[in-house]
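The values are calculated or read from the model by the stated rules, or taken from the named source; none is laboratory data. In this text the structure is predicted, and so the values were computed from the model without any measurement. Cβ: placed from backbone, ideal geometry, glycine included. Neighbour counts: every protein chain shown. The accessibility values were calculated without ligands, DNA or RNA, using every heavy atom of the protein model including side chains. Shrake-Rupley method; radii C 1.70, N 1.55, O 1.52, S 1.80 Å.
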Amino acid sequence: MKSKQRLLWHAALAATLFPVAAFDAVAQPVSAASAVSSASAVSAQAPLQDFTAWKAQFRTQALESGISADTFDRAFADVAPDPSVIERDQTQPEFVNPVWEYLDAELSAQRIQRGRELLQANAATFAAVSARYGVAPTVLAAIWGIESNYGQDTGELQVVRSLATLGYEGRRRAFAQTQLIAALQIVQHGDVTADQLLGSWAGAMGQTQFIPSTYNTYAVDFDGDGKRNIWTSSADALGSAANLLHSLGWHAGAPIAVEVTLPDGFDYHLADLGVKKAVREWYRSGVRAVGDAPASAQPDDNASVILPAGYRGPAFLVFDNFRAVLGYNNSTSYALAAALLAERYEGRGQIRASWPKDDPPLSRSDLLALQALLDQQGYDAGEPDGVAGPATRAAIRAYQTRHGLPADGYASVSLLDRLRR
Ligand code: CA
């Protein structure tokens with residue numbers, strides 16, 4: 001997938017439960033930091049005032065938050081709303097890539113090869129970052145590769161302008177305004193000037209694609225030049241990503257995810273991130289690792305079973321480090337891609353089971369239809385929002401259980417067909 005398309009697609013699905021960005025999804029990857037818009041956000045409304053009046057009002061708010069008049073006035077000197085940002089904010093993607101297509105795109109041979117070269121060329125930096133934060137070089141390379149194609153796609157828009165646009169007339173103005181204040185704090189702190197503060201249309205910045213508030217809390221000056229620079233210093237970017245993962249509870253040496261097979265008669269209700277058990281319990285119930293055994297998984301480690309494409313597709317045992325990656329970017333597809341890419345650099349990480357390519361995930365409008373049908377038939381999927389969140393999955397499971405189907409909670413085309421009959 002092309003990077004710009006990817007960012008657009010990601011951002012339209014993102015939400016804000018986690019430090020960087022978050023979205024509760026099984027198969028809908030979101031960008032690390034493009035957390036400004038949400039599929040469940042309220043519809044757009046025309047701004048109540050013109051931009052100049054809004055800016056004056058926001059200036060008061062910014063100054064009350066500790067931004068100096070000088071910082072604000074310089075950063076806003078030439079700022080006018082950016083129509084392209086609003087256009088992207090209003091776009092709700094109709095089609096969600098199936099997880100297997102997402103993985104194919106993120107784990108391309110080119111991506112793997114480039115990562116290997118960079119791991120070698122920057123071995124000393126990776127080793128130093130890893131020694132300080134406990135995150136393996138391969139994992140950091142994978143995050144770096146997925147977030148910004150190893151620093152090549154860092155975003156070219158001025159973050160202050162983008163966030164001012166979204167704060168003025170976006171779908172989630174309060175959130176955008178919070179990020180805008182955080183962006184002004186970055187400028188005031190002196191790491192970069194407002195002109196150098198570049199990112200995606202939704203304010204995801206630099207090689208790590210941090211939003212400003214994440215930058216303020218987690219970015220580090222790893223190369224020691226006195227400035228935190230996630231835009232052009234790969235050492236700072238890698239250090240910052242590692243610092244974030246470390247803060248999210250990273251366990252050094254522990255796995256992220258391992259492909260498993262499930263025993264006959266497995267209760268698919270248990271295949272859910274909300275169900276955590278010790279590894280030994282999963283093994284006792286007949287769950288088995290396939291391919292490379294998870295040598296580093298300890299029997300007492302907590303893990304969950306996930307089925308990213310339903311019971312007919314591959315199953316994975318995912319560990320606390322999987323949850324840390326979700327804290328970076330709350331998408332199971334993203335976390336799975338990071339886990340697998342890290343292994344592919346070393347020639348591992350091939351998925352053994354096949355994907356149910358004849359049963360792709362639903363488009364947005366089909367998911368809305370599914371949610372409405374479930375509601376009509378007495379299964380509480382919540383207000384239809386076109387997103388397969390926890391309530392929708394629970395409603396699907398209730399329907400599946402009632403009808404003697406494997407209760408995997410997967411919103412598939414075949415399920416919708418059945419509900420429509
Ligand atoms: Ca630095």
Under the Karplus relation 6.51 cos²θ - 1.76 cosθ + 1.60, θ = phi - 60°, what is the ordered set of whole-Hz ³J(HN,Hα) values for segment 211-227, x standing for Gly and Pro? 7, x, 5, 5, 3, 4, 8, 10, 5, 10, 8, 6, 7, x, 8, x, 10
With x for Gly and Pro, the residue-by-residue ³J(HN,Hα) of segment 59-75, computed from phi through the Karplus equation 6.51 cos²θ - 1.76 cosθ + 1.60 at θ = phi - 60° and given in whole Hz, is 4, 4, 4, 5, 5, 5, 8, x, 7, 6, 4, 5, 4, 4, 5, 5, 5
Semi-axes in Å, largest first, for segment 270-323 (Cα gyration tensor, √(5λ)) are 16, 13, 11
Using θ = phi - 60° and the Karplus relation 6.51 cos²θ - 1.76 cosθ + 1.60, list the HN-Hα couplings for segment 107-118 in order, rounded to whole Hz, with x at every Gly or Pro. 10, 5, 4, 5, 4, 5, 4, 4, x, 4, 4, 5
Residue 278-residue 195 pseudo-label distance in nm [points 7 Å out on the Cα-to-Cβ vector]: 6.1
Determine the distance separating the Cα centre of segment 69-105 from the Cα centre of segment 121-176; give it in Å without decimals. 15
Comparing 325, 159, 287 in a Gaussian network model of the chain (Cα, 10 Å), the one with the largest mean-square fluctuation is 287
Most fluctuating residue given options 304, 354, 234, as computed from a GNM of the chain linking Cα atoms under 10 Å: 354
Which residues qualify? For residue 260, with a placed amide H closer than 5 Å and at least 5 residues away or on another chain, they are 290, 315, 316, 317
Limiting things to C-alpha atoms, what are the Rg and the maximum Cα-Cα separation (Dmax) for the chain, in angstroms? 21.9, 67
Can you pull the three principal axis extents for the Cα set of segment 309-421, in Å, largest first? 49, 27, 23
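Specify, per residue and in Å³, the volume enclosed by the convex hull of the alpha carbon atoms belonging to segment 165-261.
In segment 165-261, the Cα hull volume divided by residue count equals 139 Å³.
Leaving out ligands, DNA and RNA, what percent of the accessible area of the chain is carbon and sulfur, probe 1.4 Å?
For the chain, the apolar C and S fraction of the accessible surface comes to 49 percent.
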Would you pull out the residues with amide H under 5 Å of residue 210's amide H, same chain only if 5 or more places away, H placed 1.01 Å from N? 205
Show that you can apply the helix-only estimate: for the chain, add -39,500 (n - 2.57) for every DSSP H stretch of four or more residues, divide by all residues, and state [θ] at 222 nm to the nearest 500. -14000 deg cm²/dmol
Which of 141, 219, 80 moves most in a GNM of the chain, Cα contacts under 10 Å? 80
Per residue value of the accessible surface for the chain (all protein chains in place, 1.4 Å probe), Å²: 40
With Rg from the Cα atoms and Rh as the Kirkwood inverse mean 1/r over Cα pairs, segment 235-391 has an Rg/Rh of 1.00
